[in-house]
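The values are calculated or read from the model by the stated rules, or taken from the named source; none is laboratory data. All of these numbers come straight from a predicted model, not from anything done at the bench. Please note: Cβ atoms are built from the backbone with ideal geometry, for glycine as well, and neighbour counts cover all protein chains shown.
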Amino acid sequence: MALLAAADRAEFGFVRDHIEVSDSVLSKQMSALEEAGYVKVHKGYVGRRPRTWLSLTRQGRQTFGRHLAALREIAS
Amino acid sequence: LASVVHDDAVSDAPQLTAEEARAALEEAGMRAAQVHRNDRQLGWMLLVVLAVFLGAGAVISLSPHHGSTYAGVAVVVMLVAAIVAAVVIGLRIRAYSKGGIIWYFSAIIAFNLWNAAVTSVSILTRFWASDQPSYHFGISVAVGVIPLLIGGMVLGRRR
């Protein structure tokens, strides 16, 4: 969520590599977040290569923002 | 990730200790930095356009007044190289932030407006004229690409 919150869009592979999880683990997480309305999945092609891009929805950003605010409150 | 899926994500947070919350915030900052670093690819795109303009400006500046076949070929080669470089960099873009995209398009728009102004002034003041030395063209090009340089530097320094 933190990675996607900073990005307008991030490729599936970019997120996978940076949070160091397998394709299937990330895929499950993204499906759950998509179902919850926090993440939007965009599928497309670059040349012949299929690419999946991920982005946070407005609701996802708001929820993550609240989550960060709560963390800051605890940390202070 | 999983905790955020649930609507009670925020109410989960108070269970954390201050130290855990600070660590989570630190990690969030680190993840944001990873995306901002990837915005550098957009900076490279701007620098490719800058390089091709400067290259063409240099070739024309060094060419005789009535042009030469070699100059034309050199400019075409540079354009092709720039297109290839842009495609390669484009394929390397795996994430971008809103700020990165705003800087990228702002630099492109600023470059088009500024370059058009520099070109107009060069023509109207007869800085570019058949009786003027070829290097005047190079000078105008060097001034015209300033927005690309600024955009490329800003995107290249994103942390």
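Residue check: is B:Ala142 more than 26 Å from A:Arg49 (Cα to Cα), under 17 Å from the mean Cα position of the chain (by Cα) and part of a helix (DSSP H, G or I)? Against the criterion (more than 26 Å from A:Arg49 (Cα to Cα), under 17 Å from the mean Cα position of the chain (by Cα) and part of a helix (DSSP H, G or I)), B:Ala142 qualifies.
The residues on offer are A:Ala75, A:Ala70, A:Ala32, A:Ala36, and the sole one that is surrounded by 14 or more Cβ atoms within 10 Å (Cβ to Cβ), more than 22 Å from B:Arg37 (Cβ to Cβ) and in contact with a His (Cβ under 9 Å, 6 or more places away or on another chain) is A:Ala36. Residues that are within 10 Å of another protein chain (Cβ to nearest Cβ), farther than 19 Å from B:His36 by Cα and modelled with pLDDT under 95 occur at least once in the range A:14-23. Across the range A:39-47, a minimum of one residue is classified as surrounded by 17 or more Cβ atoms within 10 Å (Cβ to Cβ), facing chain B (nearest Cβ under 10 Å) and over 19 Å from B:Ala24 (Cα atoms). Within the range B:91-114, the set of residues being of a type in the set (D, E, K, R) and touching a helix residue (DSSP H, G or I) at 6+ places or on another chain (Cβ under 8 Å) comprises B:Arg92, B:Arg94.
The residue of the range B:50-109 that is modelled with the lowest pLDDT, among those that are of a type in the set (S, T, N, Q) and surrounded by 17 or more Cβ atoms within 10 Å (Cβ to Cβ), is B:Ser63.
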